[in-house]
Amino acid sequence: MTFEIIETFDQPPTSDELQEYSFEGLEPGQHFFRIQSFNSENGYTSTSNVRPFGYNPPQLEYFVIDFVDVVENQEIQVSFSGTGDTDDFYYEVDRSTEAGTGYETVAGMLPPEVFTDFPDIQSGPWFYRVKAWLKDWACELPGYETEGVFSSIFLEVGPGNKSRSFDFSWSHFYPADLQFLYRLMVMTEKGDWELVPGVVDTEMQSFVFDAPSDMAGKFVFKIEGYEQEQPLRTISSNYVTIEVEPVVFIPNALRPDSQNPDNTVFKPVFQGFTPEGYELYIFNRWGQQLFSSTSPELGWDGSYDGRTLSPGVYTYQVRYQVPGGKGYEKSGVVNLVY
């Protein structure tokens, strides 16, 4: 039987008090302990009896965070699981705004399960870890801790480098032995989610979105992610909202006798949406109002009070609002020609 030194002590003062020592890191199994004294002057040693000790505490064979999911932009669900003597442990869920540091305990529970947390969803990615403590042992340190860094998906968006362009980026931290793919989703008017072409089952974590011409108003986006090995289990990010400037064409001339019907009246052309609160006014050079309309379909035909007006420059003023978005007011000149 071979012994190894685990600690050395100075000679204690003469006392009837019991001398105690504790240490950590003992592996499960059968162990044998003894005390040995050593006289440094003559090299003599004295050894105590050998005391056997069987150490077989409850164990977790597998202990991981399964996912961190932002649910409907309101809460975060943290799922963790383990195998082995799971009922012999008490579990502590910790949260932080930084990877690997600054954790605070937000929950304690007995069985592994899904924990629901309510941090500020828009404050950035939230990092989680779980510790397992033996319930019936007076341990100062946890028996197990989930490995690796695991966070929620955090989505951000900013203006792109051109009109109606948006830069999406998202951050997501997870253990190195996992691999996640992502897709960008946009909410429809009915509240459903649709895939955004170009960001489907991708490893990238950024995307430049160019709004199509028929898109205007406010739109809500999120990221969905899934682990390659479990494609049916998806997790979501926080929501972000963009406001897409409308595409509106305002002609600069009309010709009532034109063979092209589109040129015979003056009216703005709205692409992809029907404006709300629409108002169109036409004035002559002296500020007299010649025409008004509250219907986007009704334009000015170059007449006033049933009379054809003289060719020249006239002023228009138009007001409208994008459904669910902001209002606009524009003015300019239109040429009446024959």
Which number in (1) of a type in the set (Gly, Ala, Ser); (2) within 25 Å of Gly324 (Cβ to Cβ); (3) not assigned by TED's automatic domain parsing to the domain that holds Met204 marks the one condition that Gly299 misses? (2)
Give the number of residues within the range 83-124 that are in contact (Cβ under 8 Å) with a residue 24 or more places away in the chain and within 19 Å of Ser151 (Cα to Cα). 23
Identify all residues within the range 213-231 that are surrounded by 14 or more Cβ atoms within 10 Å (Cβ to Cβ) and not basic (Lys, Arg); write none if there are none. Met215, Ala216, Gly217, Phe219, Val220, Phe221, Ile223, Glu224, Gly225, Tyr226, Glu227
List the number of the failed condition for Glu113; all other conditions in (1) modelled with pLDDT under 90; (2) surrounded by fewer than 11 Cβ atoms within 10 Å (Cβ to Cβ); (3) not small (Gly, Ala, Ser) hold. (2)
For Ser163, which of the numbered conditions (1) surrounded by 15 or more Cβ atoms within 10 Å (Cβ to Cβ); (2) in contact (Cβ under 8 Å) with a residue 40 or more places away in the chain fails to hold? (1)
Filtered residues of the range 19-34 (kept if more than 51 Å from the chain's Cα centre (by Cα), closer than 24 Å to Pro57 by Cβ and free of Cβ contacts under 8 Å to residues at least 24 places away in the same chain): Glu20, Phe33
Filter the range 310-337 down to residues that are outside any strand (DSSP E or B) and out of contact with any Leu (no Cβ under 6 Å at 6 or more places or on another chain) and give me whichever is nearest to Leu290 (Cα to Cα). Ser310
Take Trp193 and decide whether it is surrounded by 12 or more Cβ atoms within 10 Å (Cβ to Cβ) and touching a residue at least 40 places away in the same chain (Cβ under 8 Å). no
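Yes or no, residue by residue, for (1) closer than 30 Å to Thr116 by Cβ; (2) at pLDDT 90 or above:
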| position | (1), (2) |
| --- | --- |
| Glu4 | no, yes |
| Pro12 | no, no |
| Glu17 | no, no |
| Glu20 | no, no |
| Thr47 | no, yes |
| Asn73 | yes, yes |
| Ser81 | yes, yes |
| Asp85 | yes, yes |
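Among the polar types (S, T, N, Q) and more than 34 Å from the chain's Cα centre (by Cα) - does that describe any residue in the range 65-78?
So far as the range 65-78 goes, no, none of its residues is among the polar types (S, T, N, Q) and more than 34 Å from the chain's Cα centre (by Cα).
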Which of the residues spanning the range 90-110 are among the β-branched types (Val, Ile, Thr), part of a strand (DSSP E or B) and surrounded by 13 or more Cβ atoms within 10 Å (Cβ to Cβ)? Val93, Val106
Hits in the range 120-136 - residues which are more than 12 Å from the chain's Cα centre (by Cα) and either farther than 11 Å from Ser152 by Cα or part of a helix (DSSP H, G or I) (or both): Arg129, Val130, Lys131, Ala132, Trp133, Leu134, Lys135, Asp136
Starting from residues that are of a type in the set (S, T, N, Q) and in a strand (DSSP E or B), keep the ones in the range 232-251 and report whichever is surrounded by the most Cβ atoms within 10 Å (Cβ to Cβ). Ser237
Number of positions in the range 279-338 that are surrounded by 13 or more Cβ atoms within 10 Å (Cβ to Cβ) and among the basic types (Lys, Arg): 1
State whether the residues of the range 301-308 include one that is outside any loop (DSSP other than H, G, I, E, B), at pLDDT below 95 and of a type in the set (S, T, N, Q). yes
From Asn73, Asn49, Asn42, grab the single residue that is in contact with a Phe, Trp or Tyr (Cβ under 6 Å, 6 or more places away or on another chain) and outside any strand (DSSP E or B). Asn73
Output yes when any residue across the range 77-86 is part of a strand (DSSP E or B) and in contact with a helix residue (DSSP H, G or I) (Cβ under 9 Å, 6 or more places away or on another chain), and no when none is. no
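The values are calculated or read from the model by the stated rules, or taken from the named source; none is laboratory data. Please read these numbers as outputs of a predicted model, since none were measured by experiment. Quick reminder, even Gly has a Cβ in these numbers, built from the backbone with ideal geometry, and neighbours come from all protein chains shown.
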